[in-house]
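K.L.:
The structure follows.
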Amino acid sequence: MLNEILAHRVLIVLGKGGVGKSTLSAAIAKTATISGDRALIMECDARAPLAATFGVEPSFVPIQVAHNLDLMTLDGRAALEEYLRLVVPGRMLLKAVFASRIYQFFVQAAPGLRELMMLGKVFYDAGRPDANASTRNLIIVDAPASGQAMSLLKMPTAARSTFGDSIVGKEASNISKMLRDRRNCAIIQVTTADSLSISETIETHAQLSSIHLVPAAVIFNRMPPSDFDAADISALTNRRGPHIRKKDLEHLAELAKSELTRVAQARKAIAKIRTETGGPVLEIPEHNGLSGIELIDSIASELARYREDEPAPRAAHRR
């Protein structure tokens with residue numbers, strides 16, 4: 001499953017806030033670079049948490065943050081201005097457009113257009129004929145939280161209906177085709193075991209499927225470890241010895257039971273996701289005590305080992 005996911009040209013990662021979506025986006029990118037690919041992470045959060053993690057300033061221009069790994073912050077206004085540089089002839093005319101009050105009003109009054117151009121930036125970098133995409137093998141979009149991400153992903157269809165056969169309408173159509181090209185673009189959902197995340201994951205999956213954007217997989221993050229079972233707890237509580245206090249054993253047994261309950265709840269949640277979505281689920285265990293780049297590298301190394309255990313992927317469909 002992971003090999004097939006990484007064989008795509010564009011991965012869009014989304015999930016409820018707080019599930020570790022940005023960390024997973026970076027870890028997936030790092031996993032690709034471990035096997036020799038080059039990856040570009042595009043983060044949609046204007047606060048740029050990944051830029052802060054890697055110790056760089058947010059930038060609309062890709063910045064190298066590790067070997068074979070670049071990072072940029074998607075910005076709708078910057079994407080719109082980049083697009084206008086491509087279609088407006090002459091530097092003086094372009095400067096006049098940017099300085100005009102009509103343009104300033106237009107940008108402020110049309111937030112949907114900014115969202116469209118964010119996806120347009122992904123489209124151009126993914127291999128539009130007049131763009132040079134040969135230097136990067138994988139683009140990972142760290143999308144907004146699920147609700148905002150749905151609005152973002154619906155925008156091309158809405159713009160196509162609104163603008164028809166105009167330039168904007170045609171661009172929206174191209175972007176929509178990119179999103180629905182399952183050979184080159186895949187959507188990955190991230191969730192954890194908490195009930196709100198599970199419910200939102202299932203609901204978002206249904207919404208995506210209804211607009212023909214079926215997610216390729218769900219990543220179940222922070223899976224609690226299951227290093228013991230009920231028999232181990234029973235053996236612990238029945239231990240005897242001159243230096244063993246019964247209250248200490250009982251306390252440890254309660255902690256162990258709590259962990260078993262967490263594991264059982266997580267397994268139940270995974271089963272529910274598989275039943276409701278009909279898709280694969282990739283489990284990522286908890287990495288307690290780690291954060292930032294250390295956490296990203298740890299998950300990436302784990303994913304790389306997992307990838308090595310899989311059969312070779314089908315032929316990659318690169319543009």
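K.L.:
Can you pull out every residue in the stretch 178-217 that is surrounded by fewer than 19 Cβ atoms within 10 Å (Cβ to Cβ) and of a type in the set (D, E, K, R)?
P.N.:
Those that are surrounded by fewer than 19 Cβ atoms within 10 Å (Cβ to Cβ) and of a type in the set (D, E, K, R): 180, 181, 182, 183, 194, 203.
K.L.:
Taking the stretch 1-52 as the region of interest, how many residues are under 9 Å from the mean Cα position of the chain (by Cα) and of a type in the set (A, V, I, L, M, F, W, C)?
P.N.:
7
K.L.:
Could you list, ordered by first residue, the pairs with Cβ atoms under 8 Å in which the first is in the stretch 59-80 and closer than 15 Å to residue 45 by Cα and the second is β-branched (Val, Ile, Thr) and part of a loop (DSSP other than H, G, I, E, B), at least 6 apart or interchain?
P.N.:
As it stands, the answer is 71/56; 72/61, since those pairs meet every condition given.
K.L.:
Filter the stretch 241-271 down to residues that are basic (Lys, Arg) and at pLDDT 75 or above and give me whichever is farthest from residue 286 (Cα to Cα).
P.N.:
Per the criteria, the residue is 268.
K.L.:
So which residues in the stretch 48-95 are among the aromatic types (Phe, Trp, Tyr) and modelled with pLDDT of 75 or more?
P.N.:
Applying the first criterion (among the aromatic types (Phe, Trp, Tyr)) to the stretch 48-95 yields 54, 60, 83.
Passing the criteria: 54, 60.
The values are calculated or read from the model by the stated rules, or taken from the named source; none is laboratory data. These figures come from a predicted structure and were not determined experimentally. Reconstructed Cβ throughout: ideal geometry from the backbone, glycine too, with neighbour counts over all protein chains shown.
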